[in-house]
1. Can you name the residue in segment A:33-54 that is in contact with a Leu (Cβ under 8 Å, 6 or more places away or on another chain) and part of a helix (DSSP H, G or I) and is also nearest to B:Ser189 (Cα to Cα) among such residues?
2. Are any residues in segment B:84-102 in a helix (DSSP H, G or I), among the small types (Gly, Ala, Ser) and more than 7 Å from every other protein chain (Cβ to nearest Cβ), and if so, which ones?
3. Filter segment B:389-413 for residues that are assigned to a helix (DSSP H, G or I) and polar (S, T, N, Q); which is modelled with the lowest pLDDT?
4. Can you work out which of the residues in segment B:373-388 that are within 16 Å of B:Val78 (Cβ to Cβ) and of a type outside the set (A, V, I, L, M, F, W, C) is surrounded by the fewest Cβ atoms within 10 Å (Cβ to Cβ)?
5. Residue by residue through segment B:339-356, note down the ones that are touching a helix residue (DSSP H, G or I) at 6+ places or on another chain (Cβ under 6 Å) and not in a helix (DSSP H, G or I).
6. Against the condition away from chain A (no Cβ under 14 Å), surrounded by fewer than 21 Cβ atoms within 10 Å (Cβ to Cβ) and touching a strand residue (DSSP E or B) at 6+ places or on another chain (Cβ under 7 Å), how does B:Ser200 come out, does it pass?
7. Give the residues of segment A:32-48 that are within 17 Å of B:Thr179 (Cα to Cα), touching a Gly at 6+ places or on another chain (Cβ under 8 Å) and not hydroxyl-bearing (Ser, Thr, Tyr), sorted by residue number.
8. When segment B:268-308 is examined, which residues are found to be touching a Phe, Trp or Tyr at 6+ places or on another chain (Cβ under 9 Å) and of a type in the set (Lys, Arg)?
Amino acid sequence: MTTPPTRRGIAVEQAVVHGLLAALGLGAFVMALDYGLFLEESRVGPGLVPAVVGGLIALIAGWELVTTLRGHRTPHDRGLAEVVAATAVDAPSGGASSERATPGGVPAGGSGSMSPDGGPVQMPGPGPGPGPGPDDVDIFGRTPEERSRQLWTVSAALVVAALLVPLLGLLGSLLVLSVFISAVVEKRGWLPSLVVSFLAVAAVYGVFVGFLGVPLPTGLIGIGG
Amino acid sequence: MLDNLVLGFSTALSVENLLWCFVGVLVGTVIGVLPGLGSTTGVAVLLPLTLSLEPVTGLIMLAGIYYGSQYGGTITSVLISTPGEASSVVTTLDGYQMARQGRAGAALSIAAIGSFVAAIISLALLVALAPPFAEFALDFGPPEMLAVMILGLATIISFAGDNRVLGLLMALVGLLIATVGVDPGSGTSRFTFGSIYLLSGIPFVEVMIGLFAVGEVLYQIRQGAAAPIRAGFRELMISREDLRRSGGPILRGSFLGFLFGILPGAGSTLASFMAYGIEKRVSKRGKEFGTGAIEGVAAPEAANNAAANANFVPTLTLGIPGGATTAVLLGAFMIYGIQPGPLLFDEQPTLVWGLLASFFIGNVILLFLNLPLAPVFAQLLRVPYGYMYPLILLTSLVGAYSITNGMYSVWVVLVFGIIGYFMKRLDLPMAPLVLGLVLGPLFEKALVQTSAIGDGNLLIVFTRPLALAVMAIAILQVAAPTIMARLLRRRATPRSRRSDPADSTPEGSSRG
């Protein structure tokens, strides 16, 4: 199977992930050799499982990396998919069987922000199911690029919120996080965002602090707790 | 047996346990209804809430979330063809078609009734079979346990995803993560890099909250909002004819589901597909399957519910989970300081029988919740995801914090959230990773013990008949998807050839 242009982004991600996994496996293998594979009387030592597991990860991920770099896409028709295909084999075409035949579906292409080519995204026809495909505009009219940007904004916001905990306290920084996501990422009005976020944080406070008695960090300012 | 049931019901019927059972199944249904959220996410995110409860009460609530979300997941599968988890994928085939024909009410009703009947049948089997099985499992030594764990991993690798090699890769990654920390055998600290946090290992409840809740939310953001419900509820009540047609499929689905659910690692997904496939062969209306046949909803829904209950046989009696959600539940047991296994039935009778009795009660509550209220739950699908996911993120992070009262847990959740996003995006199956992570320490312990028994020779696994038999099944599992697909196809071919012209429908153009 060759890789169509829209799938280039995901192929890059795939190569990076398998590359990292191969490095991880190799690193674990090398470190595990130091722990000792076998004890006296050739009994299993602390290094045996990590060495074998790490070695296998390095081999499999390395193989996947090589095939991805050579332009092959990993087949997704072995395993449960085979049973699914056999189950749906003579369901009438055009029915739901063609809509979501595999659990989770194979995430096809999409130019994620990791894609090095900033070229235009090809828009395929209507998505396979009632939900938008990874390359379609969703019901709010967001393009894949916008959604990808939202994804990375939310991810970064999560990390920033966690870093702010020593200053604002856990609930304080989560309030900021929630307002930020609602107002800036989801582009709702400031007032509804504030109200919804405040209610959400109050609910979390009620359950965890009021009911469960968890001592949450209050930070320098001393919110919640 | 009767004493045990009386003990169980007297535990489960206490006011506190009843209340938490109700909360569990209600919250489970709601989580099941939310698109993209399944039982694993629900149990992982809400596990921290139960830490202050009595173990039996906490487990009753978590189990309620587990089977409650099976009911809720059906609602999304039928109405918007977006299953919350793999085990309800097959329900979309006929359920969504029924919804488009205005028969969503009938589809949801039969799913609720089928699930309930299956639950009662499978619970009776569970109650009858689990104690003798635990008795039998008392004879399992480390080699046998090793073989059973390999069987569990082989099964989940074969059936959790669409590529066995990637499934194996993820199981190995799970096993590797599990080796971080102090080795229980020798006391060597491994992969800790001098960090005191890593010394006690990577905490797996946090890993699961990261993978299944934060990773899922990030993935949904990338996927975009789904279309709203198109289906209407023209008729809410199910007709007598529908009930008559569904009787057989529900019964067959229940027994089939229980059979598959017992296998460690196999779980409900496989059961639902096999029930659908087999029903399509034996049913007189086999050709209507895929166009909105009620049998095509009844059979897999019965099967996945029966399998969900049967999952508890390996989880409780061997301590080896039957799927991703039972793996999280196993984690809950361990946090409470309870080690599931053959001795559990003797050592913790109140807990085990209270839990099992609560399943009966929970399923009765679910039937009464779902029959009249399915349209009400369906309204949840109209809540914009933009309001929903900040709340999921908040609960995940505060929940993670509350497990250890430390920010380390929050960071683990965030790191594994991003890992989880990439796993979903690249179609790397999560269930094998979770099972590898949970089984890792047990696996290594059994390996060390086996090598001690065999004086350093691990091959003694192959000299123990029971271990050998289990290993043989494990090897078979790797080829099982191909074999099953072939069986399903082969039986399809002759049947469609000699199809009776009298009852052939115009759309029945089956591929021979």
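1. A:Pro50
2. Of everything in segment B:84-102, those that are in a helix (DSSP H, G or I), among the small types (Gly, Ala, Ser) and more than 7 Å from every other protein chain (Cβ to nearest Cβ) turn out to be B:Ser87, B:Ser88, B:Gly95, B:Ala99.
3. B:Thr404
4. Of everything passing the filter in segment B:373-388, B:Arg382 is surrounded by the fewest Cβ atoms within 10 Å (Cβ to Cβ).
5. B:Pro340, B:Pro342
6. Yes: the conditions hold for B:Ser200.
7. A:Ala32, A:Leu33, A:Asp34, A:Gly36, A:Leu37, A:Phe38, A:Val44, A:Gly45, A:Pro46, A:Gly47
8. Hit for segment B:268-308 is B:Lys280, nothing else.
The values are calculated or read from the model by the stated rules, or taken from the named source; none is laboratory data. The model shown is predicted, which means the values in this text are computed figures rather than measured ones. Cβ sites come from the backbone with ideal geometry, for glycine too, and all protein chains shown count toward neighbours.
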